[in-house]
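S.K.: Take a look at the following structure, please.
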Amino acid sequence: MDAALELRGLQKSYGDVQALGGVDLTVPSGSFFGLLGPNGAGKTTLIGILVGLVRKTGGEARVFGHDVETDYREARDRIGLAPQEFNVDRFFPIREVLEHKAGYHGIPTDRARDRADEVLKRVGIYDKRDTRFDWLSGGMKRRFVLARALITDPDLLILDEPTAGVDVQLRHELWETIVDLNQQGTTVLLTTHYIEEAERLCDEVAILDSGRVLDVASPEELMRRGTDDVVVELRT
Ligand code: ATP
């Protein structure tokens, strides 16, 4: 079976700044995979390349065997992204926003509402379906962004720091939802600054620093090895 994600010598430079300096990485299908690294390590750039927002300057990136540039549509259709920055239409009820998103991805109008309702229930904010994004609490906003990522029923769910700045209770609730999705077969790629989050959730973790993969191992193994300063830095 194709890996969910296969990166070979992936490079990205922004002018003189090298954000990715030749990343090799395989994310097995069905796994819960963590991408850890300090600020500026290149995590957001890597995700941007996968979803077609950033153009790589070298190497290869494949999603379930589809090259992210030459087979853009096929690769993109398999990915659901919950980004770090919310970029949501704030003035419409959230159910409508999801219906639009479904339509954009080719889901027929008569299915779009059902699909929107399904994902709102999935993340536990169905009762807020007629509320504007602006009026949701911070935690509900997080849930909504997850719902939006799920609208196409993706095989690879990319979560860019999904619990940054949320309280402990909400963090645990979000974890539960994400673990459940993974157990039902969705591959999850999670970026985080919280080593505890990686320890709790991930089968395998890659440590990215200055655009390079320093190590790939289970969280337990990384902690045992005390892998490097990056982990120590993430702990503090
Ligand atoms: P964070 O955890 O802070 O979000 P990150 O690991 O996601 O960091 P990136 O945002 O991918 O890291 O940044 C990697 C490097 O590329 C950094 O040095 C950053 O300053 C640089 N960079 C990112 N985007 C651009 C851009 N559009 N133009 C120039 N440099 C950029």
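S.K.: Exactly one of (1) within 16 Å of the ligand (Cβ to nearest atom); (2) assigned to a strand (DSSP E or B); (3) crowded, with 18+ Cβ neighbours inside 10 Å is unmet by Gly59. Its number?
M.R.: So the condition that Gly59 fails would be (3).
S.K.: Another question, then. For the range 195-212, enumerate the residues that are surrounded by fewer than 18 Cβ atoms within 10 Å (Cβ to Cβ) and of a type outside the set (D, E, K, R).
M.R.: Matches in the range 195-212: Ser210 only.
S.K.: Residue check: is Arg73 surrounded by fewer than 18 Cβ atoms within 10 Å (Cβ to Cβ) and either in a helix (DSSP H, G or I) or touching a helix residue (DSSP H, G or I) at 6+ places or on another chain (Cβ under 9 Å) (or both)?
M.R.: Yes; evaluated as a whole, the condition is true for this residue.
S.K.: So, in the range 13-26, of the ones that are assigned to a strand (DSSP E or B) and more than 17 Å from Leu189 (Cβ to Cβ), which residue ends up farthest from the ligand (Cβ to nearest atom)?
M.R.: Top of the filtered list is Gly22.
S.K.: Which one of Val205, Val123, Val145 is closer than 20 Å to Val63 by Cα and of a type in the set (A, V, I, L, M, F, W, C)?
M.R.: Val205
S.K.: Before we move on, is Leu7 touching a Gly at 6+ places or on another chain (Cβ under 9 Å), within 16 Å of the ligand (Cβ to nearest atom) and touching a residue at least 24 places away in the same chain (Cβ under 8 Å)?
M.R.: Yes; evaluated as a whole, the condition is true for this residue.
S.K.: Hey, which of the helices (runs of 4 or more DSSP H) in the range 86-163, taking only ones fully inside, have at least 3 residues that are free of Cβ contacts under 8 Å to residues at least 24 places away in the same chain and more than 30 Å from Cys202 (Cβ to Cβ)?
M.R.: So the answer is 94-104, 109-122.
S.K.: A further question follows. Scanning the range 58-111 for residues that are under 19 Å from Arg132 (Cα atoms) and β-branched (Val, Ile, Thr), which turns out modelled with the lowest pLDDT?
M.R.: The selected residue is Val88.
The values are calculated or read from the model by the stated rules, or taken from the named source; none is laboratory data. In this text the structure is predicted, and so the values were computed from the model without any measurement. FYI the Cβ positions are ideal-geometry reconstructions off the backbone, even for glycines, and counts take in every protein chain you see.
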